[in-house]
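Engineer: Below is the structure I would like to discuss, written out as structure tokens.
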4 protein chains.
Amino acid sequence: MKKKTVLNSGYVELVEWMGSDNAVIRNARRCWKSQSKGTESDLKLLKHLLRKGHKTPFEAAVFTFDIKCPLFVARQWFRHRMASYNEESLRYSLAEREYFIPDDLPAHLRETWVEHHEESFNLYEKMIAEHYMRREIARSILPVGIYTSFYWTVNGSSLQNFLMLRTDRQAQKEIREYALVILELVKKISPLCFRTFEEVVLQKGGILS
Amino acid sequence: MKKKTVLNSGYVELVEWMGSDNAVIRNARRCWKSQSKGTESDLKLLKHLLRKGHKTPFEAAVFTFDIKCPLFVARQWFRHRMASYNEESLRYSLAEREYFIPDDLPAHLRETWVEHHEESFNLYEKMIAEHYMRREIARSILPVGIYTSFYWTVNGSSLQNFLMLRTDRQAQKEIREYALVILELVKKISPLCFRTFEEVVLQKGGILS
Amino acid sequence: MKKKTVLNSGYVELVEWMGSDNAVIRNARRCWKSQSKGTESDLKLLKHLLRKGHKTPFEAAVFTFDIKCPLFVARQWFRHRMASYNEESLRYSLAEREYFIPDDLPAHLRETWVEHHEESFNLYEKMIAEHYMRREIARSILPVGIYTSFYWTVNGSSLQNFLMLRTDRQAQKEIREYALVILELVKKISPLCFRTFEEVVLQKGGILS
Amino acid sequence: MKKKTVLNSGYVELVEWMGSDNAVIRNARRCWKSQSKGTESDLKLLKHLLRKGHKTPFEAAVFTFDIKCPLFVARQWFRHRMASYNEESLRYSLAEREYFIPDDLPAHLRETWVEHHEESFNLYEKMIAEHYMRREIARSILPVGIYTSFYWTVNGSSLQNFLMLRTDRQAQKEIREYALVILELVKKISPLCFRTFEEVVLQKGGILS
């Protein structure tokens, strides 16, 4: 699946997944040793699970995303502990000259903003190239708006928790943009689970809109 | 993949998986933003990760198994918390007349054993059919050797922990049989990761005899 | 704190805890680097956290319980993975002659029930004493209603999840009795957190009564 | 317990704990329903647990620390998922003018370093005060070396994993300083567990130099 651009330099890409709607329904029905009895009854079952907080069947679905986002977004993201992360490290690799720029910044502030970030990168690169500072120390100079990238493996239940908290209007707008892109992606792959989740949890809870 | 029989009535079946060797290596290399440089260097990397306890790249591999085993095996299994379980429930479904019989039981003991288990099932079924006892209460009568079944979704890192503890000669023989079957299965799917794991962790640690 | 009896032979005992109401409020306020501004404003904060699903401050409270319950209750209990368990093992120790007896069993069924359980123990003990069967195998004979005991260490957030699912009228009556005893215990230790939880989550959700 | 200073402006403070050596030994012995038989036999038991990777008894010990450290240290810290975090938020509070300065920086570089950080703070404060930029956006300007503070609740097993990875000579020097301070603290509170851990895991594994 191709990359979806988010913010000025970020992206979301769905790399791999397993366990579509069928897997979640299959797992839920193991409880009764029963089989799916058609879409209508499956939907009723999914609504019941979501309303009662019976989350384990959704763990049969697992997704790996490739994410690129500003550090301050990544820091909110990594608070979600029921997931796996492999992130690029500025101990070992050199930071690329990419940083968050708010899209609604007036021109004169934008200039100041860019100048500050470019100068930060200049100093960072100089410290490493001319003063032999270790990368892991020199990164201390870089702004919190630099981009980082990581693989994120998360199951359907933990993803729903992420979406509930991060599509909320009280979440920071920047991570909310990522969350909304991810919601659209998983609604395509697993429409029964995630459309039902959107309806039962996000809309009924007044989280979206 | 077809079911592998374990013990007298159990099985292991690999239902779904994602993230083969390539995914683990891809995730590990994100740290340096580097690409695979061939099998030899990948192997070296995997050995390093296993020796240092850097487990997160193995979490990019996820497996769902269908397991049928005696209750006393399931109770040991469910102690592994970094995994997802959906089990049949004797609150809602009726227990099938299947139970563990040790394979090395002398004939006269085997007769006593079977008789006890059959009588336990007789009483269980009678309590439900004739005395309208709820299933969730009547199951209290059944022996700990009855079989149960569950879906188990587990990532590669947590699976390695399971294999380390449950292929150990000090583990109970019955769960060890399941662990050894699972080890063979994942060595076929993800040979670089799990053969290396077997060599570096299980054999060097003296776990497999 | 002394043991509370549950069912015919079980108990709940609170062994140790840390992080009372003050710790939860202290942790929640770290977000704003603010201090408690009195009980009324603390209560408002706790309600907000519970309604929005911001659970981490409740993880500053941790409880260790000693629990004795029937196996079928323990099996439901151990499904709660965000907690620590240390259970007695019938691989190493001999089962005591204690088992669940439903309190509403008519006299003639009670006799049959007791007789079956006593005979199961007779066979178990005979297999070990006379036929040198290993304990870990002989336990297979014992009924699912035998008692087991374990230490349970759980934080406030995970405990709330347990209470939400296990005080529910749809939960099995037997585990519900344990959950209700635990709810009373923690309401004494941490009244702001757990009375508010009871009001906002259990009562508003229609879970209790 | 009083704060221990780490780096130029950070600290570690042990705020609360439960479950000393006795609790760990008590939990381990529940398996056999046995009692402590004196220090020598307890030590032997602890060594056995550590060597075999039987970690759950160590989860009976739980510690809450108050930590202040640079963001780049916090980002490594928060990768440890089996723990609870409550961190100050720059969405709601204003960043204090504190930042990491390497202790071995030559005077002329130190001047450049300080100047860059002070100017970053100047711009950050100006954006908020004069241009009404939201704090959550303006923080993007601040360097990765700013200090943050958080409460960290972690059990003994997860703490051992942290110490194993972060006292390692391959860990970044800055987080290693925190890890070594924490190791000394817990060795005082829980000497049997953590001296044995240091001996069996850190020294035998060649982790501490």
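Engineer: Being among the aliphatic types (A, V, I, L, M) and away from chain B (no Cβ under 14 Å) narrows it down to one of C:Val154, C:Val181, C:Val144, so name that one.
Structural biologist: When all the criteria are applied, what remains is C:Val181.
Engineer: Which ranges mark the helices (runs of 4 or more DSSP H) fully within segment A:100-209 that have 2 or more residues being within 30 Å of A:Gly53 (Cβ to Cβ)? Spell out the reasoning first.
Structural biologist: On the way: elements: A:107-129, A:135-138, A:156-166, A:173-189, A:191-197.
Hits in segment A:100-209: A:156-166, A:173-189, A:191-197.
Engineer: Exactly one of (1) more than 30 Å from B:Asp103 (Cβ to Cβ); (2) within 19 Å of the chain's Cα centre (by Cα) is unmet by B:Arg30. Its number?
Structural biologist: Checking B:Arg30 against (1) more than 30 Å from B:Asp103 (Cβ to Cβ); (2) within 19 Å of the chain's Cα centre (by Cα), the one that fails is (2).
So that you can scan it fast, the table gives a plain yes or no per residue for (1) among the aromatic types (Phe, Trp, Tyr); (2) at positive phi; (3) buried (at least 17 other Cβ atoms within 10 Å of the Cβ):
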position	(1), (2), (3)
A:Arg75	no, no, yes
A:Met82	no, no, no
A:Tyr85	yes, no, yes
A:Leu90	no, no, yes
A:Pro102	no, no, yes
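Engineer: How many of the residues in segment C:150-177 are of a type outside the set (A, V, I, L, M, F, W, C) and in contact with a helix residue (DSSP H, G or I) (Cβ under 7 Å, 6 or more places away or on another chain)?
Structural biologist: Qualifying residue count, segment C:150-177: 11.
Engineer: Give me the residue from segment A:108-123 that is more than 9 Å from every other protein chain (Cβ to nearest Cβ) and modelled with pLDDT of 95 or more and, out of that set, surrounded by the most Cβ atoms within 10 Å (Cβ to Cβ). Before the answer, list the steps.
Structural biologist: First, the residues of segment A:108-123 that are more than 9 Å from every other protein chain (Cβ to nearest Cβ): A:108, A:110-111, A:114-115, A:118, A:121-122.
From what's left, modelled with pLDDT of 95 or more: A:110-111, A:114-115, A:118, A:121-122.
Values: A:Arg110: 14, A:Glu111: 11, A:Val114: 13, A:Glu115: 11, A:Glu118: 12, A:Phe121: 19, A:Asn122: 13.
Top of the filtered list is A:Phe121.
Engineer: Just one of (1) in the same structural domain as B:Met18 (by TED's automatic domain parsing); (2) open to solvent by 20 Å² or more (accessible area, probe 1.4 Å); (3) in contact (Cβ under 8 Å) with a residue 40 or more places away in the chain trips up B:Cys193, so point out which.
Structural biologist: (2)
Engineer: Something else about it: Does C:Asp66 satisfy being touching a residue at least 24 places away in the same chain (Cβ under 8 Å), surrounded by fewer than 20 Cβ atoms within 10 Å (Cβ to Cβ), of a type outside the set (Ser, Thr, Tyr) and in contact with an Asp or Glu (Cβ under 6 Å, 6 or more places away or on another chain)?
Structural biologist: Numbers: touching a residue at least 24 places away in the same chain (Cβ under 8 Å): yes; surrounded by fewer than 20 Cβ atoms within 10 Å (Cβ to Cβ): yes; of a type outside the set (Ser, Thr, Tyr): yes; in contact with an Asp or Glu (Cβ under 6 Å, 6 or more places away or on another chain): yes.
Yes; evaluated as a whole, the condition is true for this residue.
Engineer: Scan segment A:150-170 residue by residue and report those that are over 11 Å from the mean Cα position of the chain (by Cα) and open to solvent by less than 10 Å² (accessible area, probe 1.4 Å).
Structural biologist: Matches in segment A:150-170: A:Gly156 only.
Engineer: Go through segment A:126-141 and give me each residue that's surrounded by fewer than 23 Cβ atoms within 10 Å (Cβ to Cβ) and either more than 13 Å from chain D (Cβ to nearest Cβ) or closer than 18 Å to D:Ser140 by Cβ (or both).
Structural biologist: The one that is surrounded by fewer than 23 Cβ atoms within 10 Å (Cβ to Cβ) and either more than 13 Å from chain D (Cβ to nearest Cβ) or closer than 18 Å to D:Ser140 by Cβ (or both): A:Ala129.
Engineer: Output the residues belonging to segment D:172-198 that are among the β-branched types (Val, Ile, Thr) and under 11 Å from the mean Cα position of the chain (by Cα). Talk me through it step by step, then tell me what you get.
Structural biologist: Initial filter on segment D:172-198 (among the β-branched types (Val, Ile, Thr)): D:175, D:181-182, D:186, D:189, D:196.
Of everything in segment D:172-198, those that are among the β-branched types (Val, Ile, Thr) and under 11 Å from the mean Cα position of the chain (by Cα) turn out to be D:Ile175, D:Val181, D:Ile182.
Engineer: When residues of segment A:23-46 are filtered for being in contact with a helix residue (DSSP H, G or I) (Cβ under 9 Å, 6 or more places away or on another chain) and either under 15 Å from B:Thr153 (Cβ atoms) or facing another protein chain (nearest Cβ under 10 Å) (or both), how many remain?
Structural biologist: 9
Engineer: Quick one: would you say A:Tyr147 is open to solvent by 40 Å² or more (accessible area, probe 1.4 Å), hydroxyl-bearing (Ser, Thr, Tyr) and closer than 30 Å to D:Asp104 by Cβ?
Structural biologist: Numbers: open to solvent by 40 Å² or more (accessible area, probe 1.4 Å): no; hydroxyl-bearing (Ser, Thr, Tyr): yes; closer than 30 Å to D:Asp104 by Cβ: yes.
It is false that A:Tyr147 is open to solvent by 40 Å² or more (accessible area, probe 1.4 Å), hydroxyl-bearing (Ser, Thr, Tyr) and closer than 30 Å to D:Asp104 by Cβ.
Engineer: Would you check which residues across segment C:1-45 are hydrophobic (A, V, I, L, M, F, W, C), in contact with a Phe, Trp or Tyr (Cβ under 8 Å, 6 or more places away or on another chain) and touching a residue at least 40 places away in the same chain (Cβ under 8 Å) and list them?
Structural biologist: Matches in segment C:1-45: C:Val6, C:Leu7, C:Val12, C:Leu14, C:Val15, C:Trp17, C:Met18, C:Val24.
Engineer: Surrounded by fewer than 21 Cβ atoms within 10 Å (Cβ to Cβ) and in contact with a Phe, Trp or Tyr (Cβ under 9 Å, 6 or more places away or on another chain) - does that describe any residue in segment D:50-60?
Structural biologist: Yes, the conditions are met somewhere in segment D:50-60.
Engineer: Something else about it: So, in segment C:171-181, how many residues would count as being open to solvent by 20 Å² or more (accessible area, probe 1.4 Å) and in contact (Cβ under 8 Å) with a residue 24 or more places away in the chain?
Structural biologist: Going residue by residue through segment C:171-181, those that are open to solvent by 20 Å² or more (accessible area, probe 1.4 Å) are C:173, C:176-177, C:180-181.
Cutting the leftovers down to in contact (Cβ under 8 Å) with a residue 24 or more places away in the chain gives us C:177, C:181.
Adding up the residues that qualify gives 2.
The values are calculated or read from the model by the stated rules, or taken from the named source; none is laboratory data. These numbers come from a predicted model, not from an experiment. When we count neighbours, we look across all protein chains shown, and the Cβ atoms used for this are built from the backbone with ideal geometry, even at glycine. Ligands, DNA and RNA are stripped out before the accessible areas are found, and what is left, the full protein with its side chains, is counted by its heavy atoms. Shrake-Rupley method; radii C 1.70, N 1.55, O 1.52, S 1.80 Å.
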